[in-house]
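Q: One structure follows; several queries about it will come next.
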Amino acid sequence: MNLSAHFTFDELTRTSQTALQAKNREEAQAFIPSLTELAELLEVVRAHFGKPLKINSGFRGAAVNAGTPGSSKTSQHMKGEAADIAMPGVDDAELHRWIVKDSGLKYGQCILERPPGRSWVHVSICGTRDPKSCQQALTFDGTSYKPYRG
Ligand SMILES: [Zn+2]
């Protein structure tokens, strides 16, 4: 099932915890409107760079989220509102910078996540966040979150 022109329900609900895959997709059914809004945001990013995005993690139901180190119990991933993305051929710092500074997107949170030896961009829709806490740009070094000033 397609959520948008280039993003499918399957890729936004995939988990590396294979024993939980079927359950994760079952739980995700309740969040299709949010996942669709998220997919539409990702379309804008894809269109700008003209390259496919890699979804490392999208929807995470309770069980998958509990098995994800460092993930919060109130994570927007649990509501189908967030994705961890990377774009082969584009530096994560540039991907993050563009979303925050140039895209004009109404995102919820955009975080350049760089724990030692790893890197990705967490991006969410405003969704169920307090509107005042949307357009929040941060960096994460594996220990602490810092405001991103660009
Ligand atoms: Zn994330």
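The values are calculated or read from the model by the stated rules, or taken from the named source; none is laboratory data. Note that the structure is predicted; figures quoted are calculated from it, not measured. Heads up, the Cβs are rebuilt from the backbone with ideal geometry, glycines too, and the neighbour counts pull from every protein chain shown. These accessible areas exclude ligands, DNA and RNA; they are computed on the full protein's heavy atoms, side chains included. Shrake-Rupley method; radii C 1.70, N 1.55, O 1.52, S 1.80 Å.
Q: What net charge is computed for the residues neighbouring residue 112, neighbours being all others with C-beta under 9 Å from the C-beta of residue 112, Lys and Arg scored +1, Asp and Glu -1?
A: Net charge around residue 112: 0.
Q: Further, regarding this structure: When the solvent-accessible surface of protein heavy atoms is calculated with a 1.4 angstrom probe, in what order do 60, 14, 114, 149 fall, highest first? If you can, show how the numbers build up before the last one.
A: Numbers: 60 20, 14 130, 114 95, 149 180 Å².
Of 60, 14, 114, 149, the descending order of accessible area is 149, 14, 114, 60.
Q: Note down the magnitude of the dipole of the chain about its Cα centre, charges +1 on Lys and Arg C-beta and -1 on Asp and Glu C-beta and zero elsewhere, to the nearest 20 debye.
A: Values: 18 positive and 16 negative charges, 62 e Å.
That gives the chain a dipole magnitude of about 300 debye.
Q: Given a 10 angstrom Cα cut-off, can you work out which residue in 89, 104, 117 is the most mobile in a GNM of the chain?
A: 117
Q: Round to the nearest 10 and report in Å² the accessible area of residue 1, as given by a 1.4 Å probe over the protein chains' heavy atoms.
A: Approximately 130 Å² of residue 1 is accessible to the 1.4 Å probe.
Q: Convert each backbone phi in region 126-142 into a coupling constant with the Karplus relation 6.51 cos²θ - 1.76 cosθ + 1.60 (shift: θ = phi - 60°), then list the ³J(HN,Hα) values in order as whole Hz, x for Gly and Pro.
A: So the J values, rounded to whole Hz, are 5, x, 8, 5, 4, x, 5, 9, 7, 6, 9, 10, 9, 10, 9, 9, x.
Q: Also, I was wondering about something else. Report the Cys residues of the chain lacking a disulfide-compatible partner, meaning no second Cys Cβ under 4.7 Å from their Cβ.
A: Those would be 110, since no other cysteine Cβ in the chain comes under 4.7 Å of theirs.
Q: Given +1 on the Cβ of Lys and Arg, -1 on the Cβ of Asp and Glu, and no further charges, what dipole in debye does region 4-61 carry about its Cα centre, rounded to the nearest 20?
A: In total the dipole reaches around 240 debye.
Q: Using a 1.4 Å probe, what is the accessible area per residue for region 33-150, in Å²?
A: Details: 5710 Å² over 118 residues.
With all protein chains present, region 33-150 gives 48 Å² per residue.
Q: Got a number for carbon plus sulfur as a percent of region 9-147's accessible area, 1.4 Å probe?
A: 55
Q: Moving on to the next point. Considering the chain as a Gaussian network with a 10 Å cut-off on Cα pairs, which listed residue, 90, 100, 45, attains the greatest mean-square fluctuation?
A: Looking only at 90, 100, 45, the largest GNM fluctuation is found for 90.
Q: Per-residue accessible area for residue 8 at 1.4 Å probe radius, Å² rounded to 10?
A: Result for residue 8: roughly 40 Å² accessible.
Q: Hey, another quick one. Among 13, 70, 86, which residue has its Cα furthest toward the positive end of the charge dipole of the chain, with +1 on Lys/Arg Cβ and -1 on Asp/Glu Cβ?
A: 70
Q: Report the one residue of 147, 24, 104 whose Cα lies farthest in the direction of the positive end of the charge dipole of region 9-147 (charges on C-beta: Lys and Arg +1, Asp and Glu -1; origin at the Cα centre).
A: 147
Q: Here are some pairs, 54/79; 54/106; 23/132; 23/73; 73/106; which of them have Cα atoms lying more than 26 Å apart in this structure?
A: 23/132
Q: Also, quick follow-up: Counting every Cα pair in the chain, what percent are over 27 Å apart?
A: Counting pairs separated by more than 27 Å, the tail of P(r) holds 15 percent.
Q: Excluding residue 122 itself, what net charge comes from residues whose Cβ is under 9 Å from its Cβ, given Lys and Arg +1 and Asp and Glu -1?
A: Taking every Cβ under 9 Å from that of residue 122, the sum is -2.
Q: Moving to a separate point now. What are the ³J(HN,Hα) values, in whole Hz, obtained from phi via the Karplus relation 6.51 cos²θ - 1.76 cosθ + 1.60 with θ = phi - 60°, for each residue of region 22-38 in sequence order, with x given for Gly and Pro?
A: So the J values, rounded to whole Hz, are 5, 5, 4, 6, 5, 5, 5, 3, 6, 10, 4, x, 5, 4, 5, 5, 4.
Q: Share of antiparallel DSSP beta bridges in the chain, in percent to the nearest 5?
A: On the way: 17 of 22 bridges.
So the antiparallel bridges amount to about 75 percent of the total.
Q: Another one. Could you work out the relative contact order of the chain? I mean the mean sequence separation of Cα pairs under 8 Å and 6+ apart, divided by the number of residues, in percent.
A: Rounded, it is 19 percent for the chain.
Q: Taking amide H positions as placed in the peptide plane 1.01 Å from N, state which residues far from residue 136 in sequence (5 or more) or on other chains have amide H under 5 Å from it.
A: Residues meeting the criterion, in which the H sits 1.01 Å from N, are 109, 110.
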